[in-house]
Amino acid sequence: MYKFGVIGPGAVGAVIGESLQKSGCNVTLLGRKAGKVHIERVKSSKAVILPVEGISEATGSFDYLFITVKGTQLEGVLPFLEQLTQPNTVCILCQNGFGQLEKFQIPHAYQAVVYISGQKKGQIATHFRDRILILPENEVTTKLKEAVTESNLDIQLSSNYHYEVWYKLIVNLAINSVTALSRNTALILQEEKVRKLCEKLIQEGIAIAAAEGIHFEEKTTEEIMGIYGGYPSYMGTSMYYDMINGQAMEIDFIQGFLYQKSREHDLYTPCLDTVYSLLLASEMGG
Ligand SMILES: NC(=O)C1=CN([C@@H]2O[C@H](COP(=O)(O)OP(=O)(O)OC[C@H]3O[C@@H](n4cnc5c(N)ncnc54)[C@H](OP(=O)(O)O)[C@@H]3O)[C@@H](O)[C@H]2O)C=CC1
Ligand SMILES: CC(C)(CO)C(=O)C(=O)O
């Protein structure tokens, strides 16, 4: 039986752990310290409680290791990977943004495009929607998909993986920026001016992707606005929760990454430049 590990028992990690555990997989959740995580859902009174082991006390290696800490927290996890992996371990980095996989000194490491929405507060992870991880299609990821076939974790293998990465970057660019900066949930989409700003941000993201050789159809803006339209008004984004909880936001990996690409291609992206500056400013002490 494969040994699965999940580092980071938060909004995403707890849901992955729950899916694997429910289907009978041998799964261990690893957090900063030992404890428990309660998984709740808005319209259900049933809570699932999973045990969490302290990462520094963990012994033995895993066959599959999902890493679900924030981009800003990855450096704290990397030193533990040597003891938690063996040469055949497959690491799946489940993060928004792009560009962190280079830090892994592991032969089989992939980044998943994550569609699992939730919030972690204290020991409670509230799951809002989705359980989708998109990975590049190859022999290793096909074996992983087969290994979790009994679970409700929806692992999708893509032959056009970079398209999926950019699509998600653009999804995050607009909604994460406006929710974090307004310190408000998807409720703000009821305001037409906010929707217009989102459309402009999406279009700037699409222009950056095109300069990088990833081309989206014209209907993409409408499609992403449709995804936002499906969010319940009480749902925030990972960046919004970081902002309201006074935690470091993943600005470098989303808006900063796109801003850098925009400069490299000498593009005119006024909305991105504005939200990026304001997000950086909001993290300044004073
Ligand atoms: N939340 C969402 O809706 C979505 C999130 N994502 C992405 O998924 C990634 C994870 O986000 P999310 O689940 O929201 O984050 P959370 O903050 O909810 O969870 C991160 C978890 O990692 C733990 N952690 C941090 N450092 C360590 C460490 N050194 N060792 C062990 N555990 C550690 C945290 O512990 P502690 O609680 O002690 O800080 C926390 O439990 C991010 O890149 C995010 O952008 C993608 C799609 C949607
Ligand atoms: C936009 C969203 C909610 C999509 O799952 C997300 O990725 C996030 O909260 O960071």
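Could you go through the stretch 39-49 and let me know if any residue there is at pLDDT 95 or above and closer than 29 Å to Q255 by Cα. Checking the stretch 39-49: not a single residue is at pLDDT 95 or above and closer than 29 Å to Q255 by Cα. The residues of the stretch 209-245 that are of a type in the set (S, T, Y) and within 16 Å of ligand 1 (Cβ to nearest atom), listed by number, are Y228, Y231, S233, Y234, T237, S238, Y240, Y241. Considered as a group, the residues in the stretch 1-28 that are in contact with a helix residue (DSSP H, G or I) (Cβ under 9 Å, 6 or more places away or on another chain) and of a type in the set (S, T, N, Q) include one that is surrounded by the fewest Cβ atoms within 10 Å (Cβ to Cβ), and that residue is N26.
Is it the case that some residue within the stretch 190-208 is within 13 Å of ligand 1 (Cβ to nearest atom) and surrounded by 13 or more Cβ atoms within 10 Å (Cβ to Cβ)? Scanning the stretch 190-208, I find no residue that is within 13 Å of ligand 1 (Cβ to nearest atom) and surrounded by 13 or more Cβ atoms within 10 Å (Cβ to Cβ), so the answer is no.
The set of residues in the stretch 165-211 being in contact with a Pro (Cβ under 9 Å, 6 or more places away or on another chain) and under 15 Å from T221 (Cα atoms) consists of K200, E204.
Selection of the stretch 35-89 for residues being assigned to a helix (DSSP H, G or I), more than 16 Å from ligand 2 (Cβ to nearest atom) and of a type in the set (G, A, S) yields S56, G76. Just so you know, in the stretch 127-142 the residues that are buried (at least 20 other Cβ atoms within 10 Å of the Cβ) and under 15 Å from the mean Cα position of the chain (by Cα) include one that is modelled with the lowest pLDDT, and it is H127. Going by what's in this entry, would A125 be described as more than 29 Å from L157 (Cα to Cα) and of a type in the set (G, A, S)? No. Please indicate, with yes or no, whether at least one residue in the stretch 165-172 is out of contact with any Lys or Arg (no Cβ under 7 Å at 6 or more places or on another chain) and assigned to a strand (DSSP E or B). The answer is no; no qualifying residue exists. Scanning the stretch 212-245 for residues that are away from ligand 2 (no atom under 16 Å from the Cβ) and modelled with pLDDT of 95 or more returns E212, G213, I214, H215, F216, E217, K219, E222. For beta carbons closer than 6 Å, sequence separation of 6+ or different chains, a first residue in the stretch 146-173 that is buried (at least 21 other Cβ atoms within 10 Å of the Cβ) and a second that is among the charged types (D, E, K, R) and not in a helix (DSSP H, G or I), the qualifying pairs are L153/R131.
The values are calculated or read from the model by the stated rules, or taken from the named source; none is laboratory data. Owing to the predicted nature of the structure, the values given are computational and were not obtained by experimental measurement. For neighbour counting, all protein chains shown are included, and Cβ atoms are generated from backbone atoms with ideal geometry for every residue, glycine included.
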